[in-house]
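Here the structure is laid out as C-alpha cells; the discussion comes afterwards.
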Ligand SMILES: NC(=O)c1ccc[n+]([C@@H]2O[C@H](COP(=O)([O-])OP(=O)(O)OC[C@H]3O[C@@H](n4cnc5c(N)ncnc54)[C@H](O)[C@@H]3O)[C@@H](O)[C@H]2O)c1
C-alpha cells in the first residue's frame, strides 16, 4: 500500500476548494488539518471538509504533518514556505514561489540544506497540452524557434473574487506575479532559460470596484502596474514578446505562438492541463493538418 503523506493547509481562501477536489486524483496525499491568520476562515474550511482547524503556529509544530500546502496570498508565500521548511516540513505553494528572485533562491537553498522537497505551482506545464507541444518542438516539427508571442490579458479578478485587493497591491500584485508564472514556466519549459528582459509597464485604472461578496460595490486603490509589455531574450537567442495585463476587456490572440525556421506552433493555454497544439508549415497558414508531412 502507498504511504499517504499528511498535508497541513495554510491559507483557507478561494482556491483551497480546488485542492480538496484535486487530492481525490492522488493516492498518496491527504489534507488533514488547516490554518489561516483568519481563524474564522480556517474553522469554516475545517467544518466543510471534516478536518481539524488549528493555528498556523500549531500546524507548523505538528509532528503528524509532513507537507505544508501554502495557499496564502503571494506576499505571504515566502514567509510561510520558509517557516514550513524551518519546521522540517516539505513545502508546496501556490504561484509564485516568492514575489522576488532573491527570496525564491533562498527557499531553494533552505530546502536543499534541510534535505526537504519544495514544490510550487504551476504544474500545468506537466499536462498533456504543453507536453504535446514540447514533443512536437523537440522532434523538430517547426525547426529552431527564434521568435514568438505570448499574451494573458483580461479585465482583472475584482468582478469574481471577494477579496481582490492583494492582486492590485504594491510589491505583490499585478499580472506578472499572478498569471506570469503559467506563461513563463511554459516558455522556459519549451525554449530553455531566459537571459534578458526589457519592457514597459502601465496602470490604466486608479481604482477598482469589488463585484461580489460582502464587500460588493466597495472601491479600492490600485497600487501596482496592471499591464506589462515586455521582450524576453532566451539563452538560445530566441526573442518572445509578451503581454501580461489586467486592463483588457477582450482580445482574440492566441495564448502563445512560437515561430520556428520550418513552421509555427500555437501552444494551448498554459493555465490549463489540456488543449490542442496547432502546427503550420505552409506559408499560408494551413493549421493542424501538416504534422504528418514533415
Ligand atoms: N483564486 C484563484 O482562482 C486562483 C487560481 C490559481 C491560483 N491562485 C493562487 O492561490 C493563492 C491564494 O489565492 P486565493 O484566491 O485562495 O486567495 P484568498 O485571498 O481567497 O485566500 C488566501 C487566504 O490566505 C490567508 N492568509 C494570508 N496571509 C496569510 C498568512 N501569512 N498566514 C496564514 N494565512 C494567510 C488569508 O486570510 C486567506 O484566507 C494565490 O497565490 C493565488 O495566486 C488562485
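The values are calculated or read from the model by the stated rules, or taken from the named source; none is laboratory data. As the structure is a prediction and not an experimental result, all values here were calculated from the model. Glycine also receives a Cβ, built like all others from the backbone with ideal geometry; neighbour counts cover every protein chain displayed.
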Residues that are closer than 27 Å to residue 288 by Cα and out of contact with any strand residue (DSSP E or B) (no Cβ under 7 Å at 6 or more places or on another chain), drawn from the range 203-236: 236
Please specify each residue of the range 229-246 satisfying the condition of being more than 19 Å from the chain's Cα centre (by Cα) and part of a loop (DSSP other than H, G, I, E, B). 235, 236, 237, 238
Filter result (farther than 14 Å from residue 163 by Cβ and under 23 Å from the mean Cα position of the chain (by Cα)) within the range 205-223: 222, 223
In the range 18-39, residue surrounded by the most Cβ atoms within 10 Å (Cβ to Cβ) [restricted to those that are more than 9 Å from the ligand (Cβ to nearest atom) and in a helix (DSSP H, G or I)]: 19
Got a sec? Which of 49, 78 is more than 28 Å from residue 174 (Cβ to Cβ) and buried (at least 16 other Cβ atoms within 10 Å of the Cβ)? 49
Give me the pairs: first residue in the range 1-28 and within 30 Å of residue 165 (Cβ to Cβ) and at pLDDT below 95, second residue more than 9 Å from the ligand (Cβ to nearest atom) and assigned to a strand (DSSP E or B), beta-carbon distance under 7 Å, and six or more apart or on different chains, which are they? 23/29; 23/30; 23/31
Does the range 43-64 hold any residues that are under 26 Å from the mean Cα position of the chain (by Cα) and within 19 Å of residue 91 (Cα to Cα), and which are they? 56, 59, 60
Any chance the range 42-51 includes a residue that's in contact (Cβ under 8 Å) with a residue 40 or more places away in the chain and within 12 Å of the ligand (Cβ to nearest atom)? no
Could you say whether any residue in the range 175-194 is exposed (fewer than 14 other Cβ atoms within 10 Å of the Cβ) and at pLDDT 95 or above? yes
Kindly establish whether residue 63 is more than 12 Å from the ligand (Cβ to nearest atom) and either touching a residue at least 60 places away in the same chain (Cβ under 8 Å) or surrounded by fewer than 16 Cβ atoms within 10 Å (Cβ to Cβ) (or both). yes
Are any of the residues in the range 209-219 assigned by TED's automatic domain parsing to the domain that holds residue 155, free of Cβ contacts under 8 Å to residues at least 60 places away in the same chain and assigned to a strand (DSSP E or B)? yes
State the number of residues belonging to the range 247-271 that are out of contact with any helix residue (DSSP H, G or I) (no Cβ under 6 Å at 6 or more places or on another chain) and part of a loop (DSSP other than H, G, I, E, B). 13
Of all residues in the range 79-104, count the ones that are within 12 Å of the ligand (Cβ to nearest atom) and over 22 Å from residue 125 (Cβ atoms). 5
